[in-house]
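See structure below.
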Amino acid sequence: MSRAVPLADAGALRRPARRALMLRAAAIGVLAVLLAALALATGVVHGSPRPTSASVVVLDLSGSIGPEASATIVRTLRAVAAQGGRAGLVLFSDATEEAVPPTAPAADLRAYVRFFARTKNSGLPLNPWNDSFSAGTQIGRGLAAARLALQRAGIERGRVILVSDVSDAVLDAPLMRRELLAYARDSNISLRLSAVPGNDTSAVALFRRVLGPKALAVGRPPTSALVPRSHGFPTAAVSIVVAIALLLAAYELTNAPLAWREPA
């Protein structure tokens, strides 16, 4: 049973009591909205937010890729994995395969290093694609597959790193040139070439003309291809936290409990 102190003028307090109740209800509602917004801003609801940037390694597995390409392949995969963020992997010869989607953690690419790391004085190890891929080379199809993978994933800013000797099949040359121009015209996707030793110098010269000299490197990934993640200052989340703090402070000031004191 609750205990109450009877007051002769209790009726006079009904209006302030209703006002205080309405203020409390409004404060609770606003606080709930702010907490929901904070959860969305920080990715608490429905997992992490969709990534806005990602890299895709496009790896040439055609017959012209020999043991000397191993170091370039391994360096590129490790470098992209080490920079963090999101990254995918597209494999191609005469066909293409999206082995890893661009929404996957970049660290997942480390699992593929073992398929291309050679021991001393040995050739490239056998990999799961030896039987399904032929010796043909269709670079245009590989580049198109990477670009479409980024579009399907809704990636706003993409980086594609082609690891190849760029010795393309004659029938694929028109598609490769169209893809090069498509990348050059799209400001949201950058294409970089990590050329393996023994590359086709005339094709490398074409890439240099279209993409610029900074987009190319031999034996390693180009420096311009590896852009560290920039999370930026969480302005939205900080603003919401400040709003919650101000709301709680205002609530304390306007809804302090009654204090009794002796009459003067």
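The values are calculated or read from the model by the stated rules, or taken from the named source; none is laboratory data. This one's a predicted model, so the numbers in the text were calculated from it and none came from an experiment. Cβ coordinates were reconstructed from backbone atoms using ideal geometry, including for glycine residues, and neighbour counts include every protein chain displayed. Protein only, heavy atoms only, side chains kept; ligands, DNA and RNA dropped before computing areas. Shrake-Rupley method; radii C 1.70, N 1.55, O 1.52, S 1.80 Å.
Remarks
- Computed from the C-beta positions of Leu248 and Arg15, the FRET efficiency with R₀ = 35 Å rounds to 0.90.
- Inter-label distance, Arg24 to Asp186: 5.7 nm, where each label sits 7 Å from its Cα along the C-beta direction.
- Solvent-accessible area assigned to carbon and sulfur over segment 50-183 amounts to 52 percent, based on a 1.4 Å probe.
- Pair Lys214, Glu156: separation of 7 Å Cα→Cβ label points (nm): 2.2 nm
- Mean accessible surface per residue for segment 87-207, computed with a 1.4 Å probe while every protein chain stays in place, in Å²: 46 Å²
- When peptides 139-149, 100-110, 25-35, 168-178 are sorted by average Cβ neighbour count within 10 Å, with the highest value leading, the order is 139-149, 100-110, 168-178, 25-35.
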